[in-house]
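Here the structure comes first, spelled out in structure tokens, and everything after it is commentary.
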Amino acid sequence: MKSEFLFSSGSSASRVDLASLILRLVVASSVLYGHGLFKFQKVLSGGDIEFVNFLGLGMKTTFIIVMFAEFICATMVVIGLFTRIALIPLLINMAYIVFVVHKADDFGSKELPLIYLAVWFALFMLGPGKYSLDRMIRSRKNTV
């Protein structure tokens, strides 16, 4: 029994659902708390915002868009609500950070954003799993 788990190349649906939940909770909470919350508080405080104007829309607008990804979208990923849609701004944000902001930097500077990017992509492919609001909404819709 133990060797089947350790050496199996397959996986059960329940393990995939649990893995998706763990990834969503840990990584999205990390981005939410470590990056998005500060940006959200900064927007609410109305203070001066200095930020990279990579979209050409002005520093404040760009900051608000990044805050939306790192706070609102990360919150949606944590609870599993519109997960794949919420992952799109997060994927774009991390891809920009990895391939533009840290383009010339050493690997150590782009390692964490690259990990975030890989997890966002994996979650996009996996979907939110059974333990999500998306699944609850879909189940309710199918019973009506």
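Each value in this text was obtained by applying a stated rule to the coordinates, not by laboratory testing. This one's a predicted model, so the numbers in the text were calculated from it and none came from an experiment. So basically every Cβ, Gly included, is an ideal-geometry build from the backbone, and we count neighbours across all protein chains shown.
Take the residues of the stretch 16-27 that are in contact (Cβ under 8 Å) with a residue 60 or more places away in the chain and not polar (S, T, N, Q): which is surrounded by the most Cβ atoms within 10 Å (Cβ to Cβ)?
R24
Only one of (1) loosely packed, with under 13 Cβ neighbours inside 10 Å; (2) touching a Ser or Thr at 6+ places or on another chain (Cβ under 6 Å); (3) closer than 19 Å to M125 by Cβ is not met by G80, so which one is it?
The single condition G80 does not satisfy is (1).
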